[in-house]
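First comes the structure, then the notes that go with it.
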Amino acid sequence: MATAQYEAESPATFEKVWEMFQEIGRKQAETARRMEETDRRMKETDKRVGELTNRYGEISEHMIIPNLKLSFNTLGYTFEKCSSDTKIEDFEHGIFAEADAFLENSGCVMVVEIKTKLRTDDIDDHVKRMEKFRAHADFHKDTRKYYGAIAGLLMSQSEKTYALKKGFYVLEPIGETFTITTPTGPGAPKAW
């Protein structure tokens, strides 16, 4: 009958325990270094994605803004002025807003928001933006009607429908130009 021989483990000594703690410390330091490197790379990637998204936004605006006046004129508007990146900074009344494009004449204003990828939240944000522009206009006795339009290079049918239900004109790119879909139904297009 064969007997198994077992090597008895040597008892833990201070030196062995100390060596084990040092090894754990080295591994923790290496893990921390790797986590810092991963964090740095993620921040770098986030920055690059942000830059790319901003470039897409700039391209979208450059495709749409130059043709806005003419396109809305074909719908019966006669906008005399079109400006981009219009900001309201009304510290007195606490109203702050900005629009990608702002078309105006003596009777009405069209506030246009342009997105690369249109989301439902963007449409809700534009409703709030319109309310701010209207409030600012009221404080300055501007009685013109304010209308809204929203453009998206990419949008789903449900987002388009949602924007139209909110009373917005919807701009969609087609080739080197875009189409405008007019909201329908009672009170459409919505005037703020």
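Since every read-out is calculated from the coordinates, none of them should be taken as a lab result. Predicted model only: the values in this text are computed from it and were never measured. Positions of Cβ are backbone-derived with ideal geometry, glycine not excepted, and every protein chain shown enters the neighbour counts.
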query: Looking at segment 139-166, which of the residues that are among the hydroxyl-bearing types (S, T, Y) and more than 19 Å from the chain's Cα centre (by Cα) is farthest from M110 (Cα to Cα)?
result: T161
task: Sort out which residues of segment 147-187 are in a strand (DSSP E or B) and either of a type in the set (G, A, S) or in contact with a Cys (Cβ under 7 Å, 6 or more places away or on another chain) (or both), and write them in order of number.
output: Y147, G148, A149, A151, G152
message: Pairs needed: first member in segment 73-96, surrounded by 16 or more Cβ atoms within 10 Å (Cβ to Cβ); second member anywhere, among the acidic types (D, E) and part of a strand (DSSP E or B); C-beta distance under 6 Å; at least 6 residues apart or different chains.
response: none
query: Consider I123 against the criteria (1) touching a helix residue (DSSP H, G or I) at 6+ places or on another chain (Cβ under 8 Å); (2) over 20 Å from A191 (Cα atoms); (3) in a helix (DSSP H, G or I): it satisfies all of them except one. Which criterion is unmet?
result: (2)
task: Kindly indicate whether T143 is assigned to a strand (DSSP E or B) and exposed (fewer than 14 other Cβ atoms within 10 Å of the Cβ).
output: no
message: Every residue in segment 103-139 that is closer than 17 Å to K81 by Cα, touching a Gly at 6+ places or on another chain (Cβ under 9 Å) and acidic (D, E), please.
response: E113
- line: Flagged in segment 72-104 as in a loop (DSSP other than H, G, I, E, B) and on the phi > 0 side of the Ramachandran plot, in numbering order, are G76, G94
- prompt: Do we have H136 as farther than 24 Å from P66 by Cα, touching a residue at least 12 places away in the same chain (Cβ under 8 Å) and more than 22 Å from the chain's Cα centre (by Cα) here?
  reply: yes
